[in-house]
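Student: There's a structure below that I have some questions on.
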Amino acid sequence: MGGAVPLSEHEQRLLEQIEQALYAEDPKWANTVRISDPRSHYKRRLVKASIGFALGVVLLMVGAVAAQIPLGVAGFVVMLATCLWGLASWKRMNGFGGETKTATRKSGRRGQRQGFMERMEERWRRRHDER
């Protein structure tokens with residue numbers, strides 16, 4: 001994947017206008033979405049997954065001690081689900097979950113043909129050059 005291309009002054013102004021409109025429309029949502037580092041979002045998910053896993057362990061133990069099989073199974077399912085959720089968050093936080101085999105295969109064909117984003121960027125550049 002290539003490096004980031006800096007925004008032109010016009011694009012920067014448009015982005016600032018969009019941000020201001022979002023803040024004016026729904027400031028609470030805009031503050032929630034605005035995170036300086038996306039990893040902090042995944043760290044929160046890891047903490048929630050850890051709490052959920054501990055809750056699953058408690059449910060499993062209570063189900064085993066009280067001889068309530070459905071409660072024990074529910075605890076195990078909670079443990080499994082939160083473990084998978086936490087693992088996915090950990091992978092994304094550390095950059096391991098980005099590219100799949102399908103994406104790798106598709107990028108091999110891109111050498112012959114421009115991708116959608118490259119075509120859109122080229123159109124954007126041509127439109128700006130015409131002005």
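Student: Every residue in segment 41-75 that is in contact (Cβ under 8 Å) with a residue 12 or more places away in the chain and either on the phi > 0 side of the Ramachandran plot or over 26 Å from the mean Cα position of the chain (by Cα) (or both), please.
Tutor: V57, V58, L59, L60, M61, V62, G63, L71, G72, A74, G75
Student: Has segment 1-12 got any residue that is at pLDDT 80 or above, among the charged types (D, E, K, R) and assigned to a helix (DSSP H, G or I)? Don't jump to the end; show me each part of the working.
Tutor: Start the filter on segment 1-12 by keeping residues that are at pLDDT 80 or above, which leaves 8-12.
Narrowing further to those that are among the charged types (D, E, K, R): 9, 11.
Of the ones still in play, those that are also assigned to a helix (DSSP H, G or I) are 9, 11.
Yes, the conditions are met somewhere in segment 1-12.
Student: Under 9 Å between Cβ atoms, which residue pairs at least 6 apart in sequence (or on different chains) link something in segment 8-27 that is within 25 Å of R125 (Cβ to Cβ) and in contact (Cβ under 8 Å) with a residue 24 or more places away in the chain with a partner that is surrounded by 10 or more Cβ atoms within 10 Å (Cβ to Cβ) and of a type outside the set (G, A, S)?
Tutor: S8/H128; H10/H128
Student: Another question, if that's okay. Considering only segment 67-90, I want to know if a residue exists there that is at pLDDT 80 or above, farther than 30 Å from E9 by Cβ, out of contact with any strand residue (DSSP E or B) (no Cβ under 9 Å at 6 or more places or on another chain) and assigned to a loop (DSSP other than H, G, I, E, B).
Tutor: Checked segment 67-90: at least one residue is at pLDDT 80 or above, farther than 30 Å from E9 by Cβ, out of contact with any strand residue (DSSP E or B) (no Cβ under 9 Å at 6 or more places or on another chain) and assigned to a loop (DSSP other than H, G, I, E, B).
The values are calculated or read from the model by the stated rules, or taken from the named source; none is laboratory data. Quantities reported herein were computed from a predicted structural model and do not represent experimental measurements. FYI the Cβ positions are ideal-geometry reconstructions off the backbone, even for glycines, and counts take in every protein chain you see.
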